[in-house]
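Undergrad: Below you'll find the structure I mean.
The values are calculated or read from the model by the stated rules, or taken from the named source; none is laboratory data. The structure presented is a predicted model; accordingly, all values stated were derived computationally and were not measured. All Cβ positions, even for glycine, are placed from backbone atoms using ideal geometry, and neighbour counts span all protein chains on display.
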Amino acid sequence: MTARGRPFGENNPGNPAGRPKGARNKTALAIEAILDGEAEALTRRAIELALDGDGPALRLCMDRLAPVRRDRHVQFDLPAIDTTADLPKATHALLQAIAVGELTPSEAADIGKAVDAHVRAIEVTDIHERLARLEEGSPR
């Protein structure tokens, strides 16, 4: 007998392969069948409506032509951060880049998160090394 909320036993995992990659659900297949051969006519009509000033049609066309940019590749000279003492140089560089318009505040915040993760990794590594030296009994 299986536990409540666990319909499959240990040796019966249900469907271990899961849904195949690229498998489409029935609704998507039905819509695709209905629109088969009509995509060009529908696109042409949406463009005509947009050109005639229909707001929603215009928005639809613009969203397809120029979608909202999510992220962009940022080239930015960030000083090397080898120790936590290097952190002020990096944060100063980020603030300067914002001040001159090289980075947006949100881009700098994203870079700051990566810098923070890197600094935490340095700190953890440093603590690990100090602990190893203490356990060996060799002072530095």
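Undergrad: Tell me, please, whether a residue that is assigned to a helix (DSSP H, G or I), on the phi < 0 side of the Ramachandran plot, within 32 Å of the chain's Cα centre (by Cα) and surrounded by 11 or more Cβ atoms within 10 Å (Cβ to Cβ) can be found in the stretch 15-28.
TA: no
Undergrad: Let me ask something else. Go through the stretch 96-123 and give me each residue that's assigned to a helix (DSSP H, G or I), under 21 Å from ASP71 (Cβ atoms) and hydrophobic (A, V, I, L, M, F, W, C).
TA: Answer for the stretch 96-123, where residues must be assigned to a helix (DSSP H, G or I), under 21 Å from ASP71 (Cβ atoms) and hydrophobic (A, V, I, L, M, F, W, C): ALA97, ILE98, ALA108, ALA109, ILE111, ALA114, VAL115, ALA117.
Undergrad: Of the residues that make up the stretch 72-81, is at least one within 28 Å of THR125 (Cβ to Cβ), charged (D, E, K, R) and outside the structural domain of ASP126 (by TED's automatic domain parsing)?
TA: Yes.
Undergrad: Right, next: Looking at the stretch 9-30, I want the residues that are of a type in the set (Gly, Ala, Ser) and have a partner that is assigned to a loop (DSSP other than H, G, I, E, B) and at pLDDT below 85 with Cβ atoms under 9 Å, at least 6 apart or on another chain. Which pairs are those?
TA: Between residues of the stretch 9-30 that are of a type in the set (Gly, Ala, Ser) and residues that are assigned to a loop (DSSP other than H, G, I, E, B) and at pLDDT below 85, the close pairs are GLY9/MET1; GLY9/THR2; GLY14/PRO7; GLY14/PHE8.
Undergrad: While we're looking at this one, here's another question. I'm told GLY37 meets every condition in (1) surrounded by 10 or more Cβ atoms within 10 Å (Cβ to Cβ); (2) not in a helix (DSSP H, G or I) except one. Can you identify the failing condition by its number?
TA: Here GLY37 meets the rest and fails (1).
Undergrad: Tally time: how many residues in the stretch 54-92 are of a type outside the set (D, E, K, R), closer than 17 Å to ASP116 by Cα and part of a loop (DSSP other than H, G, I, E, B)?
TA: Going through the stretch 54-92 one residue at a time, the tally reaches 6.
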